[in-house]
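Student: This is the structure, below, for whatever I ask next.
The values are calculated or read from the model by the stated rules, or taken from the named source; none is laboratory data. As the structure is a prediction and not an experimental result, all values here were calculated from the model. No Cβ is skipped: glycine too gets one built from the backbone with ideal geometry, and neighbour counts run over all protein chains shown.
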Amino acid sequence: MKIDLRTIPDAEVSGIDLMDVDITLPAPEAEPQRQYYFMALLKQQLVPERAKKNGKEFLTACITTFGCQMNARDSEKLVGILEKIGFVEEDSEEADFVIYNTCTVRENANNKVYGRLGYLNGFQKKNPFMMIGLCGCMMQEPEVVEKLKTSYRYVDIIFGTHNIFKFAELIVTRFESQRMVIDIWKDTDKIVENLPNDRKYSFKSGVNIMFGCNNFCSYCIVPYVRGRERSREPKAIIREIERLVADGVVEVMLLGQNVNSYGKNLEQPVTFAELLRKVNKIEGLKRIRFMTSHPKDLSDDLILAMKECDKVCKHMHLPLQSGSSRILKIMNRHYDKEQYLTIVKKLREAIPDIALTTDIIVGFPGETEEDFQETLEVVKQVEYDSAFTFIYSKRTGTPAAAMEDQCDPAEVKRHFDLLLKEVQQISAKKAMALEGKVMEVLAEEQNTQDASLITGRLSNNSVVHFPGTPDMIGKLFMVKLTECKGFYYLGEIAENA
Ligand code: SAH
Ligand code: SF4
Ligand code: F3S
């Protein structure tokens, strides 16, 4: 008996064999059943047919991901769907299906994509069955889609950040219509659960706890391209992590643009601190990380939860953006320098060995020498373990783009170099302080340059290379940090943790 997907409950649909689905029935209306129907259609019929026409045994796909952890996780979902329908992942852009999952947070992220598209067109001319797919944040900008429609006609599928769950359906539409398929949603309040995904690492995984952003920092395009903030139900998150753990995952990274406002809009509100406590109870899970924590919503209870929960890593990424209260106000960040420093103090009091990392923007409109000096001062005072520094990039449509006093590029570059030097010096000093210590390391991968070494991470996120074998991957070890090499350590196993 073939399966009628319309009769399968949500939680069971991911377990069915696509080859058993009855594809002669109409497509279900409900999600995720509808997508499983299209996956079955592709797997049973459309993908093998296309491979045959192309004279191949199977078709290959290659996804390139730009941008942040959100995009990385989205790409895993796309790969999950591709694998389900019979594509084989290939690490080359000569694949039969090349997908760019794009980022638009800064202008240069954006430009890279256009450059590479021209180059892809060359491959497509050699392989007429090759498909090009574009998705991600850049596609949420109407000007980008207009430009693609007029100047990049050879792109096959374009979709946005809100409808990646529809990937299978879009591929079917493309196969059936032979035309450029464009499907962009302005926003959504929908969260589709129980879709397939494929992890890049067997032992660790990102887990979305929320989508979108409501903060509208005045320089940032993310709220426009990722839509309004939506939290997933704690039950769905816990269930996903339990499944991941059963499948060998020992570390999760809880993902959200502002995890500190997690759960506020749920029918039964839950705080991020409460969620952490729930996740911490999951048996078999070893490490919990999260990103990103907006200082304005960081509660005392979260600090307490971090202190109490043994699995939560001793690391907090706490974007500063600027050390000048005047600039922070214009950035619409809702905290000032003093409030930021108070949070740092509280975190260090509660968790003395916590690592702090940050993001800083240089050259925000109207930033003066004085403002910059304040940023430098906070950097010196906090002593970040590491910091990502960015030159302000004007994003059309954001309030900051319309501000008149854009900074002089030469001055911005000078400030940027000064800041980078300071940040690097401090990082090196902080790293050096751990030399000689024995610390817990999660073995993550075989070293690419020296196969006798295993590369792992400390709870504070620093990288350690130590002699070992691939069977150690995914396990925890006590490692002596024998030598600090600036940004990473060389170590040797002290004992099995
Ligand atoms: N939600 C996260 C940040 C996501 S974007 C947070 O609020 O911390 C990652 C980083 O990119 C930001 O922290 C910011 O430092 C940087 N960024 C965002 N917009 C930018 C712009 N227009 N120019 C330069 N850097 C930017
Ligand atoms: Fe952008 Fe601010 Fe939202 Fe972060 S919190 S994604 S910086 S608008
Ligand atoms: Fe870029 Fe989108 Fe992330 S714009 S930084 S990929 S949310």
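Student: Is it the case, given these coordinates, that residue 412 is modelled with pLDDT of 95 or more, closer than 30 Å to residue 469 by Cβ, more than 16 Å from ligand 3 (Cβ to nearest atom) and surrounded by fewer than 20 Cβ atoms within 10 Å (Cβ to Cβ)? Quick ask: steps written out before the conclusion?
Tutor: Details: modelled with pLDDT of 95 or more: yes; closer than 30 Å to residue 469 by Cβ: no; more than 16 Å from ligand 3 (Cβ to nearest atom): yes; surrounded by fewer than 20 Cβ atoms within 10 Å (Cβ to Cβ): yes.
So residue 412 does not fit the description; no.
Student: With 127, 121, 110, 101 as the choices, which residue is at pLDDT 95 or above and of a type outside the set (Ser, Thr, Tyr)? Quick ask: steps written out before the conclusion?
Tutor: Details: 127 fails: at pLDDT 95 or above; 121 fails: at pLDDT 95 or above; 110 fails: at pLDDT 95 or above.
From the options 127, 121, 110, 101, the qualifying one is 101.
Student: Out of (1) crowded, with 21+ Cβ neighbours inside 10 Å; (2) in contact with an Asp or Glu (Cβ under 9 Å, 6 or more places away or on another chain), what's the single condition that is false for residue 362?
Tutor: Going through the list (1) crowded, with 21+ Cβ neighbours inside 10 Å; (2) in contact with an Asp or Glu (Cβ under 9 Å, 6 or more places away or on another chain), residue 362 breaks only (2).
Student: Another question, if that's okay. How many of the residues making up the range 130-146 are more than 16 Å from ligand 2 (Cβ to nearest atom) and within 18 Å of the chain's Cα centre (by Cα)?
Tutor: So the answer is 3.
Student: Of everything in the range 98-112 that's surrounded by 18 or more Cβ atoms within 10 Å (Cβ to Cβ) and farther than 20 Å from residue 397 by Cα, which residue is nearest to ligand 1 (Cβ to nearest atom)?
Tutor: Taking the candidates together, the pick is 101.
Student: Counting just the residues of the range 270-279 that are in contact with a strand residue (DSSP E or B) (Cβ under 9 Å, 6 or more places away or on another chain) and away from ligand 1 (no atom under 16 Å from the Cβ), which one comes out nearest to residue 443 (Cα to Cα)?
Tutor: Looking only at the range 270-279, we keep the residues that are in contact with a strand residue (DSSP E or B) (Cβ under 9 Å, 6 or more places away or on another chain), and these are 270, 272, 275-276, 279.
From what is left, the residues that are away from ligand 1 (no atom under 16 Å from the Cβ) are 270, 275-276, 279.
Working: 270: 33, 275: 26, 276: 23, 279: 22 Å.
Of everything passing the filter in the range 270-279, 279 is nearest to residue 443 (Cα to Cα).
Student: Could you check the range 378-411 and list, in sequence order, the residues that are in contact with a strand residue (DSSP E or B) (Cβ under 8 Å, 6 or more places away or on another chain) and either within 16 Å of ligand 2 (Cβ to nearest atom) or under 16 Å from residue 107 (Cα atoms) (or both)?
Tutor: 387, 388, 389, 390, 391, 392
Student: Also, quick follow-up: Got a number for residues in the range 93-123 being part of a loop (DSSP other than H, G, I, E, B), touching a Ser or Thr at 6+ places or on another chain (Cβ under 8 Å) and farther than 22 Å from residue 225 by Cβ?
Tutor: Residues in the range 93-123 being part of a loop (DSSP other than H, G, I, E, B), touching a Ser or Thr at 6+ places or on another chain (Cβ under 8 Å) and farther than 22 Å from residue 225 by Cβ: 3 in total.
Student: Within the group 239, 230, which residue is within 16 Å of ligand 2 (Cβ to nearest atom) and closer than 25 Å to residue 13 by Cα?
Tutor: 230
Student: Output the residues belonging to the range 25-60 that are farther than 30 Å from residue 130 by Cβ and either out of contact with any Lys or Arg (no Cβ under 8 Å at 6 or more places or on another chain) or without any contact (Cβ under 8 Å) to a residue 24 or more places away in the chain (or both).
Tutor: Here is the first cut: in the range 25-60, the ones farther than 30 Å from residue 130 by Cβ are 25-26, 28-30, 33.
Correct list: 25, 26, 28, 29.
Student: Looking only at residues in the range 175-184 that are surrounded by fewer than 18 Cβ atoms within 10 Å (Cβ to Cβ) and in contact (Cβ under 8 Å) with a residue 24 or more places away in the chain, which one is nearest to ligand 2 (Cβ to nearest atom)? It would help to see each step written out before you state the result.
Tutor: Initial filter on the range 175-184 (surrounded by fewer than 18 Cβ atoms within 10 Å (Cβ to Cβ)): 176-180, 182-184.
This time we only want the ones that are in contact (Cβ under 8 Å) with a residue 24 or more places away in the chain, so: 180, 182-184.
Details: 180: 30, 182: 25, 183: 24, 184: 20 Å.
So, considering only residues that are surrounded by fewer than 18 Cβ atoms within 10 Å (Cβ to Cβ) and in contact (Cβ under 8 Å) with a residue 24 or more places away in the chain, the one nearest to ligand 2 (Cβ to nearest atom) is 184.
Student: With the requirement that a residue be acidic (Asp, Glu) and either more than 25 Å from the chain's Cα centre (by Cα) or at positive phi (or both), what does the range 309-357 give you?
Tutor: Start the filter on the range 309-357 by keeping residues that are acidic (Asp, Glu), which leaves 310, 336, 338, 349, 353.
Across the range 309-357, the qualifying residues are 336, 338, 349, 353.
Student: While we're on this one: Could you list, in sequence order, all residues of the range 280-337 that are within 15 Å of ligand 1 (Cβ to nearest atom) and β-branched (Val, Ile, Thr)?
Tutor: If the condition is that a residue be within 15 Å of ligand 1 (Cβ to nearest atom) and β-branched (Val, Ile, Thr), then 292, 327, 330 are the ones that fit.
Student: Now, a different point. Can you tell me which residue among 197, 101, 127, 163 is more than 16 Å from ligand 2 (Cβ to nearest atom), touching a residue at least 12 places away in the same chain (Cβ under 8 Å) and out of contact with any helix residue (DSSP H, G or I) (no Cβ under 9 Å at 6 or more places or on another chain)? Steps first, answer last, please.
Tutor: Numbers: 197 fails: out of contact with any helix residue (DSSP H, G or I) (no Cβ under 9 Å at 6 or more places or on another chain); 101 fails: out of contact with any helix residue (DSSP H, G or I) (no Cβ under 9 Å at 6 or more places or on another chain); 163 fails: out of contact with any helix residue (DSSP H, G or I) (no Cβ under 9 Å at 6 or more places or on another chain).
Residue meeting the stated conditions: 127.
Student: Still on this structure, I have one more. Out of 289, 199, 226, report the one residue that is among the basic types (Lys, Arg), within 16 Å of ligand 3 (Cβ to nearest atom) and either surrounded by 21 or more Cβ atoms within 10 Å (Cβ to Cβ) or under 16 Å from the mean Cα position of the chain (by Cα) (or both).
Tutor: Values: 289 fails: within 16 Å of ligand 3 (Cβ to nearest atom); 199 fails: within 16 Å of ligand 3 (Cβ to nearest atom).
So the residue among 289, 199, 226 that is among the basic types (Lys, Arg), within 16 Å of ligand 3 (Cβ to nearest atom) and either surrounded by 21 or more Cβ atoms within 10 Å (Cβ to Cβ) or under 16 Å from the mean Cα position of the chain (by Cα) (or both) is 226.
Student: So which of 171, 209, 221 is within 14 Å of ligand 3 (Cβ to nearest atom) and touching a Gly at 6+ places or on another chain (Cβ under 9 Å)?
Tutor: Values: 171 fails: within 14 Å of ligand 3 (Cβ to nearest atom); 209 fails: within 14 Å of ligand 3 (Cβ to nearest atom).
None of the other options fit; the residue is 221.
Student: Which one of these does residue 150 not meet: (1) crowded, with 20+ Cβ neighbours inside 10 Å; (2) of a type in the set (Val, Ile, Thr); (3) outside any loop (DSSP other than H, G, I, E, B); (4) more than 19 Å from the chain's Cα centre (by Cα)?
Tutor: Result: residue 150 fails condition (1) only.
Student: Same structure again: If a residue must be in contact (Cβ under 8 Å) with a residue 12 or more places away in the chain and more than 20 Å from residue 188 (Cβ to Cβ), how many such residues does the range 221-238 contain?
Tutor: 2
Student: Still on this structure, I have one more. Kindly indicate whether residue 88 is over 19 Å from the mean Cα position of the chain (by Cα), away from ligand 1 (no atom under 16 Å from the Cβ), β-branched (Val, Ile, Thr) and buried (at least 22 other Cβ atoms within 10 Å of the Cβ).
Tutor: It is false that residue 88 is over 19 Å from the mean Cα position of the chain (by Cα), away from ligand 1 (no atom under 16 Å from the Cβ), β-branched (Val, Ile, Thr) and buried (at least 22 other Cβ atoms within 10 Å of the Cβ).
Student: Could you identify the single residue in 459, 393 that is closer than 27 Å to residue 311 by Cα, in contact (Cβ under 8 Å) with a residue 12 or more places away in the chain and among the hydroxyl-bearing types (Ser, Thr, Tyr)? Spell out how you get there, then give the answer.
Tutor: Numbers: 393 fails: closer than 27 Å to residue 311 by Cα.
Only one candidate passes the filter, namely 459.
Student: For residue 368, are the conditions met, namely being surrounded by fewer than 16 Cβ atoms within 10 Å (Cβ to Cβ), among the hydroxyl-bearing types (Ser, Thr, Tyr) and farther than 21 Å from residue 258 by Cβ?
Tutor: In short, yes.
Student: Still on this structure: Here's a check for you: in the range 375-409, which residue that is assigned to a loop (DSSP other than H, G, I, E, B) and touching a Pro at 6+ places or on another chain (Cβ under 8 Å) is nearest to ligand 1 (Cβ to nearest atom)? So that I can check it myself, show each step before the final result.
Tutor: Keep residues of the range 375-409 that are assigned to a loop (DSSP other than H, G, I, E, B), which gives 383-385, 392-398, 403-408.
Subsequent filtering for residues that are touching a Pro at 6+ places or on another chain (Cβ under 8 Å) retains 392, 403-407.
Values: 392: 5, 403: 12, 404: 17, 405: 16, 406: 12, 407: 12 Å.
Per the stated criteria, the residue is 392.
Student: Of the residues that make up the range 300-320, is at least one free of Cβ contacts under 8 Å to residues at least 60 places away in the same chain, of a type in the set (Gly, Ala, Ser) and either in a loop (DSSP other than H, G, I, E, B) or touching a Pro at 6+ places or on another chain (Cβ under 7 Å) (or both)?
Tutor: Looking for residues that are free of Cβ contacts under 8 Å to residues at least 60 places away in the same chain, of a type in the set (Gly, Ala, Ser) and either in a loop (DSSP other than H, G, I, E, B) or touching a Pro at 6+ places or on another chain (Cβ under 7 Å) (or both), one finds none in the range 300-320, hence no.
Student: Looking at the range 192-222, which of its residues are of a type outside the set (Val, Ile, Thr), more than 17 Å from residue 238 (Cβ to Cβ) and more than 16 Å from ligand 1 (Cβ to nearest atom)? Let's see the steps before the verdict.
Tutor: Looking only at the range 192-222, we keep the residues that are of a type outside the set (Val, Ile, Thr), and these are 193-206, 208, 210-220.
Filter once more, so that each one left must be more than 17 Å from residue 238 (Cβ to Cβ): 195-196, 198-204, 211-220.
Listed by number, the residues that qualify are 195, 196, 198, 199, 200, 201, 202, 203, 204.
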